[in-house]
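The next block holds one structure in the form of structure tokens; read it before the comments.
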Amino acid sequence: MPEREIGEKGQAHSPEAAGTAPAPASKTSLLIIEDDDNISTAIEEYFSRAGYVVNAAPDGIAGIDAAVKSRPDVVVLDLMLPKMDGLAVCKELRQKNPQMPILMLTAKDDVVDKVLGLEMGADDYITKPFSLRELEARIKSVLRRTRAAVASGDGKDETPIVRGTLRIDPVTREVTIADRHVELTPKEFDLLRLFAGNPGRVFPRKYLLEKIWDYSYEGYDRTIDSHINRLRAKVEENPDNPQLVLTVWGIGYKFTDAE
């Protein structure tokens, strides 16, 4: 029998909600910000029985409050929410906790929605209707990337990268310029670390999408450009005349190799 999908109109539960997923190695806390009771309940039942600690919020404002208080390991965030939409929630959560993994649910198979979600700082997205097993796989992937980056610096040299007054610490994932602490989102940090660790090397947009997002976002060049613009606003003295992260027209970006 084929799996039923979550997010179809009128669907209350899925056979997957019986909790057949293998339990995570340690308790992982999950916050669901979703106003559809059917979807929220199905996700909560499935992941609770799989060994996760699950909380749910029915609107954007309640979701932000719950995320700030409980600091979940990962947030599943619906795009269409009452009181405050998912994009605004994502943006505020990123400001409050840049490292918090966020997976966004979109009701439409619309590239614009997905790109906007990624631009606001979502780590991944999944389009309704979806299977709970697919959602779990996406959550595990986001958590794996985030935890690996924090714990081991993605398996790369953990020696701090110093470029002039810019200092990047792969272990603590902290960035400073002179004595100023720079608050970056996970994706912004990964981009800056990749660039600064390879000065002068040109990175095509397609490579950056696959490398940083670990996913093939075909046609999402605009996502990279938006992240670069926000990164420059944080690390460049004059973002309109960048001296660190440089554009290679028609190809992508590189970090300056100037001494």
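The values are calculated or read from the model by the stated rules, or taken from the named source; none is laboratory data. Bear in mind that the values here come from a model prediction, so they are computed numbers and not experimental data. Ideal geometry is used to build each Cβ from the backbone, glycine not excepted, and the neighbour counts take in all protein chains shown. The protein model used for the area step is the full one, side chains on, heavy atoms only, and it has no ligands, DNA or RNA in it. Shrake-Rupley method; radii C 1.70, N 1.55, O 1.52, S 1.80 Å.
Annotations
- Residue in the stretch 141-159 that is modelled with pLDDT of 85 or more and of a type in the set (A, V, I, L, M) present: no
- Scanning the stretch 8-38 for residues that are modelled with pLDDT of 55 or more, in contact with an Asp or Glu (Cβ under 8 Å, 6 or more places away or on another chain) and either among the acidic types (Asp, Glu) or open to solvent by 10 Å² or more (accessible area, probe 1.4 Å) (or both) turns up 29, 34, 35, 36.
- Pairs where the first residue, in the stretch 65-76, is of a type in the set (Asp, Glu) and the second is surrounded by 13 or more Cβ atoms within 10 Å (Cβ to Cβ), C-beta under 8 Å, 6+ apart: 65/57; 73/28; 73/29; 73/30; 73/101; 73/143
- Scanning the stretch 164-202 for residues that are within 12 Å of residue 245 (Cα to Cα), hydrophobic (A, V, I, L, M, F, W, C) and in a helix (DSSP H, G or I) yields 191, 192, 194, 195, 196.
- Flag if residue 68 is open to solvent by 60 Å² or more (accessible area, probe 1.4 Å) and either at pLDDT 90 or above or in a strand (DSSP E or B) (or both): yes
- The stretch 203-243: number of residues that are in a loop (DSSP other than H, G, I, E, B), open to solvent by less than 80 Å² (accessible area, probe 1.4 Å) and modelled with pLDDT of 90 or more: 4
- The residue that is surrounded by the most Cβ atoms within 10 Å (Cβ to Cβ), counting only those in the stretch 184-202 that are among the basic types (Lys, Arg) and at pLDDT 90 or above, is 193.
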